[in-house]
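See below for the structure under consideration.
The values are calculated or read from the model by the stated rules, or taken from the named source; none is laboratory data. Just so it is clear, the model here is predicted, and its values are computed rather than measured. Neighbour counts are summed over all protein chains in view; Cβ atoms, including those assigned to glycine, are modelled from backbone coordinates with ideal geometry. These accessible areas exclude ligands, DNA and RNA; they are computed on the full protein's heavy atoms, side chains included. Shrake-Rupley method; radii C 1.70, N 1.55, O 1.52, S 1.80 Å.
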Amino acid sequence: QVQLVESGGGLVQAGGSLRLSCAASGRTFSSYAMGWFRQAPGKERESVAVISWSGGSTYYADSVKGRFTISRDNAKNTVYLQMNSLKPEDTAVYYCAVSSSRWFTTQADFGSWGQGTQVTVSS
């Protein structure tokens, strides 16, 4: 059974940094793209960043470009999201997920999800 466990969330002041981790188990994830998503209260879940199976390709939402960095360690079955220069509008529950292929087209490509970790940025 696929299991994804996020960690690293918390409360931080605007301008601060956090590093999220997502540890995957249950199968080998090195052949699949992985991504980070977030959902704020009253809003739809949105894609934040995605990394291809090899790490050679990445996608970032416009709202986080230049501030967030996604990376992966396939030997550890772990994906990371380094978040710098955090803003109050980054406040959300952050989820990691695994795609069914080496890249992705839409959120629908991601079939396995973690339970989420809360990120709160105070002004």
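General remarks:
- Across segment 26-79, the number of residues qualifying as among the basic types (Lys, Arg), in a loop (DSSP other than H, G, I, E, B) and within 16 Å of VAL98 (Cβ to Cβ) comes to 3.
- Number of positions in segment 108-119 that are open to solvent by less than 50 Å² (accessible area, probe 1.4 Å) and out of contact with any helix residue (DSSP H, G or I) (no Cβ under 8 Å at 6 or more places or on another chain): 6
- Contact map, segment 1-22: first residue over 17 Å from VAL50 (Cα atoms) and touching a residue at least 24 places away in the same chain (Cβ under 8 Å), second residue among the charged types (D, E, K, R) and assigned to a loop (DSSP other than H, G, I, E, B), Cβ cut-off under 7 Å, separation 6 or more or different chains; pairs are VAL2/ARG27; ALA14/LYS87.
- Any chance LEU81 is surrounded by 21 or more Cβ atoms within 10 Å (Cβ to Cβ) and in contact (Cβ under 8 Å) with a residue 12 or more places away in the chain: yes
- Filter result (of a type in the set (A, V, I, L, M, F, W, C) and open to solvent by 30 Å² or more (accessible area, probe 1.4 Å)) within segment 67-78: ALA75
- Members of segment 17-42 found to be closer than 10 Å to THR78 by Cα, modelled with pLDDT of 95 or more and either open to solvent by 60 Å² or more (accessible area, probe 1.4 Å) or over 10 Å from the mean Cα position of the chain (by Cα) (or both), listed by number: ALA23
- Residue check for VAL64: crowded, with 17+ Cβ neighbours inside 10 Å, in contact (Cβ under 8 Å) with a residue 40 or more places away in the chain and within 26 Å of LEU11 (Cα to Cα): no
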